[in-house]
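Q: Quick one: the structure is below, and I'll ask about it shortly.
Any read-out appearing in this document is the output of simple, stated calculations on the displayed coordinates, not a laboratory observation. Only a predicted model underlies this, so the values are computations on that prediction, with no experimental measurement involved. No Cβ is skipped: glycine too gets one built from the backbone with ideal geometry, and neighbour counts run over all protein chains shown.
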């Protein structure tokens, strides 16, 4: 709320905030949020195993029989894999994903959850959900 706004203003003006109890919104205003400091990792909860790792503008998708590397700034719809142009980045992200999988291997997949039909339809229309989500 207001505290975050004040911290953001001080950050934009180049000052130092005495407290780190609030996160400045500066990255949202400057576009720096697009370049992540830590990678973002995802996995499918059901069905065929699939993992993805995203760092900065690159996303690696690993399926049981294939790997694809996308430059999201140039290819936001993930149509053309860049794995042959950036083999070193593919290997680096793949190693990082393997470390993540080993670290969290003992965690179960997320439980199914109840979702109202209109919300499921909205998520499906946006491409975020497909098939049965369960719990209805």
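Q: Please give the FRET efficiency for residue 98 paired with residue 75, using the beta carbon to beta carbon distance and R0 = 25 Å, rounded to the nearest 0.05. Mind dumping the intermediate values first?
A: On the way: r = 24 Å, r/R0 = 0.97.
After rounding, the FRET efficiency stands at 0.55.
Q: By counting other Cβ atoms within 10 Å of each Cβ, how are 73, 94, 56 ranked from fewest to most?
A: Ranked by crowding around the Cβ, least crowded first: 73, 56, 94.
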